[in-house]
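Quick note: the coordinates plus some simple rules give every number you see, no bench work behind them. The model shown is predicted, which means the values in this text are computed figures rather than measured ones. Here the Cβ is made from the backbone with ideal geometry for all residues, glycine too, and neighbour counts use every protein chain on show.
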Amino acid sequence: MEGFKPVSQSETVITELMIPAYANFGGKIHGGTILSQMDKVAYACAAKHAGTYCVTASIDAVDFLAPVEVGELLSLRARVNYVGNSSMVIGIRVESVNVKTGVLKHTNTSYFTMVAQDDDHRTIQVPGLILETAEDVRRFADAINRKKLKRHYKAETEKIKGELCMEDIVRMLEGERCMLQGDINILAL
Ligand SMILES: CC(C)(COP(=O)(O)OP(=O)(O)OC[C@H]1O[C@@H](n2cnc3c(N)ncnc32)[C@H](O)[C@@H]1OP(=O)(O)O)[C@@H](O)C(=O)NCCC(=O)NCCS
């Protein structure tokens, strides 16, 4: 189908050995290293689908579910979950395996929104998405729901912020582990 590409065409997997240079002071793999790998695989997948340069517009929630150890093999699987006009939501699942024991851990799942651009950095339309499996359909629908929830969250946050008065803020701080230092003019908030 012209102007459409299947999910499978841009599916991308990166596997990398976690070497000691990636470790933090605690001996575990640095979160920033994992984020960088996630951004790379998201870019590769998005650029394959779009056939052009892409930028990262946003990242939806990265929870580190389990630590990654030096010596493990980290695999990042990226798929286009959703396409808008110039944007694509790339779902990424990260797993880490201990090659000696074979134990596999699911360490992260996240959703990167990537935007396609032309050579002059103008946003351009990306091909539509051919959904090949029931899972593809579920992921596409889930992405629509997340977009709706994000819009709702943003609107609610702005509304609550706009309605908060000084007394509300003071009440919110009660029982929290903080103290006001010196002569802060909270009326200036
Ligand atoms: C992302 C960026 C290109 C969007 O530019 P813009 O002028 O806001 O473009 P538009 O308003 O036309 O939006 C383009 C698309 O991006 C989406 N988008 C823009 N900001 C977004 C955000 N924060 N989260 C999710 N989607 C976003 C829009 O919904 C739109 O999607 P659609 O075309 O599928 O409908 C621009 O903000 C940018 O260049 N940001 C910096 C990117 C960057 O430096 N990333 C890190 C290094 S790669």
Practice item. Using DSSP to define loop residues, name the trypsin sites (Lys or Arg not before Pro) in region 116-189 whose beta-carbon has at most 14 other beta-carbon atoms within 10 Å. Key: Arg122, Arg177
Review point. Say we join alpha carbon atoms closer than 10 Å with springs in a Gaussian network model of the chain; which of Met179, Met166, Met38 then has the biggest fluctuation?
Key: Met179
Practice item. Would you mind calculating the gained length between Glu16 and Thr109 on full extension (0.36 nm times residue separation, minus the Cα-Cα distance), in nm to one decimal? Key: 31.8 nm
Check your understanding: For the chain, what size does the Cα cloud have along each of its three principal axes, sorted from largest down, in whole Å?
Key -> 62, 45, 36
Practice item. Give a residue-ordered list of calculated ³J(HN,Hα) values for region 120-132 (Karplus: 6.51 cos²θ - 1.76 cosθ + 1.60, θ = phi - 60°; whole Hz; x for Gly, Pro). Key: 9, 6, 8, 5, 9, 5, 9, x, x, 10, 8, 8, 9
Review point. Which ³J(HN,Hα) values in Hz, rounded to whole numbers, follow from the phi angles of region 174-184 under the Karplus curve 6.51 cos²θ - 1.76 cosθ + 1.60, where θ = phi - 60° and Gly and Pro get x?
Key: 4, x, 8, 8, 9, 9, 7, 9, x, 9, 6
**Study point:** Degrees between helix 31-50 axis and first principal axis of the chain (Cα, 0 to 90, nearest 10)
**Key:** 50
Practice item. List every residue whose amide H lies under 5 Å from the amide H of Val70, counting only residues 5 or more places away in sequence or on a different chain, with H placed 1.01 Å from N in the peptide plane. Key: Ile29
Review point. Dipole magnitude of region 1-124 about its Cα centre, charges +1 at Lys/Arg Cβ and -1 at Asp/Glu Cβ only, in debye to the nearest 20?
Key: 300
Practice item. Can you tell me the 0 to 90 degree angle between the C-alpha axis of helix 134-163 and the longest principal axis of the chain, rounded to 10? Key: 20
**Study point:** Whole-Hz ³J(HN,Hα) from phi, Karplus 6.51 cos²θ - 1.76 cosθ + 1.60, for region 87-98, glycine and proline x
**Key:** 9, 9, 9, 9, x, 10, 10, 10, 10, 10, 10, 8
Point to revise | Distant-in-sequence amide H partners of Tyr53 (H built 1.01 Å from N, under 5 Å) | key: Gln117
Check your understanding: Amide H neighbours of Asn81 under 5 Å, counting only residues 5+ apart in sequence or on other chains, H built in-plane at 1.01 Å?
Key -> Val89, Ile90, Gly91
